[in-house]
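> Structure below; questions to follow.
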Amino acid sequence: MPHHDLLIIGAGSGNSIIGPEHDDWDVAVAEPWAFGGTCMNRGCIPSKMLVYAADVCLAARHGDHLGLRTTAGQADWPAIRDRIFGRIDPIADAGLAYRQSLDNVTVYRHAARFTGDRTVILNGTEVTADRVVLAMGARTDVPPINGLADVPFRTSDDVMRIDSLPEHLVVLGGGFIAVEMAHVFEGLGSRVTIVHRGDLLLRGADTDVRRRLTEVYGARMGLLLKTTVAHVRHEADRTNAGGESGTFHLALSDGTKLEADQLLVATGRTPNGDLADVAVGGIAVDERGYVTTDEQLRTSADCVWALGDVTNPVQLKHTANAEARVVAHNLVHPDDPWSIDRRFVPHAVFGHPQVGSIGPTEQHLVDSGRPYLVATRDYASTAYGWAMEDTTGFAKVMADPETRLLLGAHIVGPQAPTLVQQLIQGMVAGQTVDQMAHDQLWIHPAMPELVEQALLAL
């Protein structure tokens, strides 16, 4: 029976735990898929490379706003796709090869399933370890739609690798994956229809942001809200045996019929703890299936830690990386553990327009009964907003009326994730909104003046 000092289940952020301090440890990594995890292979990195291409294409289509005679034909999808994965796939392969080359690291190319305390089955072999780290991520959540299991639908796992640009893509869902992929394919030339059961896109975001984003997307593409799919079927193209072509036929809850050549299911993600039978290993999960941890990221099982999407519902790469640093330290320094700091967790959505957020939404503050001040500033009221002819973007900031500390900020528009970062830094430093606004010089006429003006309005 193989035994290791440390077993890491998952080679996304979990892979980054291994460092020089573990050179004298017997380390094992169990990863049945590509090294680098969701972010590298089928998430934030390839999607943002696609987003950038779509941004450029969309800008060319709307050059007339600036007096430019620019146009954009349909994109060369295979060239775009191959540029992305021609860079990403070798990195994933190199990560695997490097770990396999280390004398003290064993790589298991199989999924792990717990059979007891710190004991798992890997391809029929029982493996034990003194310490275990769970970093096996999450997977796409497929809804129980009549007929869906029988059709070749896409998810975020594979839609970025398809062979050709869809003529008509139907997207089921209204979260960040749906918003980003809808922008990508519409921006590159596909006709896109979003089918979403909610009344606004981006559930969980600030309502003003949701309204603005929904308004913009409704003007760009087909947007069917408060609508679900009753039934779906697929008719294969018999003239293209073995190819991807065919037609999806969707019957919607309002009686509408849709036809499309690609169907993307983007209705959420679920943690992978159940696939590993973590309960058998004495590892507790919450009502949604996320592995529960304390502030040091220890699970309910002795000498078992967890990080990333399997434990954190926000499912963000930057949080997973921070958690990996905490776990890496705590493995080596059990008598001087670090705690994870989740006071300021930003998030972004790279649709068009982009969204950058930090802190609670206004609705959350209202529901909690907490007093607050709020101010909003439009891109169009700033010099650079004039330059871009932006008519939809805005920054919204909220502060405590007594302490004058910033409670939350939500920006929608060009480079919103970049603009919100300076507010995050001010929050971490404990600055008041007055200090943020007055105690530094803001470059004129740069985009950050949007943030300055919003802070001054408080």
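> Is the chain best put as rounded, prolate or oblate by its Cα gyration tensor, with a ≥ b ≥ c the root eigenvalues, rounded for a/c under 1.5, and otherwise prolate when a/b is larger than b/c, oblate when not?
oblate
> Using the membrane-span-like helix rule (whole DSSP H runs, Cα extent along the own axis of at least 15 Å, mean Kyte-Doolittle hydropathy at least 0.0), which helices of the chain qualify?
44-61, 176-188, 416-428
> Ok, one more. On a C-alpha basis, how far is the centre of the stretch 295-338 from the centre of the stretch 1-23 in Å? Whole number, if you could?
With the stretch 295-338 and the stretch 1-23 each reduced to a Cα centre, they are spaced 13 Å.
> Here's something else I'd like to know. Please give the calculated 222 nm ellipticity per residue for the chain, where each DSSP H segment of at least 4 residues contributes -39500 (n - 2.57) and the sum is spread over every residue; nearest 500 deg cm²/dmol?
Details: 11 runs with 132 residues, N = 458.
Estimated from H runs of four or more residues: -9000 deg cm²/dmol.
> Going by average Cβ neighbours within 10 Å, how do the peptides 53-64, 394-405 rank, with the highest at the top?
394-405, 53-64
> Given +1 on the Cβ of Lys and Arg, -1 on the Cβ of Asp and Glu, and no further charges, what dipole in debye does the stretch 104-187 carry about its Cα centre, rounded to the nearest 20? Can you show the working numbers first?
Details: 7 positive and 11 negative charges, 80 e Å.
Approximately 380 debye in magnitude.
> Going by Cα centres, the stretch 347-411 and the stretch 62-130 are how many Å apart?
Value for the Cα centre distance between the two parts: 34 Å.
> By per-residue mean of other Cβ atoms within 10 Å, what is the highest-first order of 325-333, 421-429?
Descending mean neighbour count gives 325-333, 421-429.
> Placing +1 at every Lys and Arg Cβ and -1 at every Asp and Glu Cβ, with all other atoms neutral, what dipole size does the chain have around its Cα centre, in debye to the nearest 20?
Dipole about the Cα centre, nearest 20: 1120 debye.
> Using a cut-off of 14 Å between beta-carbons, work out the net charge of the residues near THR115 (Lys and Arg +1, Asp and Glu -1, THR115 not included).
It works out to a net charge of -1.
> Can you work out the PRE-style zone for THR247? Point 7 Å along Cα to Cβ, and I want the residues of the stretch 260-298 with backbone N under 16 Å.
Taking a point 7 Å out along Cα→Cβ of THR247, the residues of the stretch 260-298 whose backbone N falls under 16 Å are 260-263.
> Roughly how large, in nm² to one decimal, is the mean projection of the convex hull of the alpha-carbon atoms in the stretch 325-392?
Numbers: hull surface 33.3 nm².
One quarter of the hull surface, i.e. the mean projection, equals 8.3 nm².
> Kindly rank 160-166, 300-306 from highest to lowest mean number of other beta carbons found within 10 Å of each residue.
In decreasing order of mean packing, 160-166, 300-306 become 300-306, 160-166.
No value in this document is a laboratory result; all are computed from the given coordinates. Just so it is clear, the structure is predicted and the values come from calculations on it, not from any experiment. Don't worry about glycine lacking a Cβ; one is built from the backbone with ideal geometry, like all the others, and counts go over all protein chains shown.
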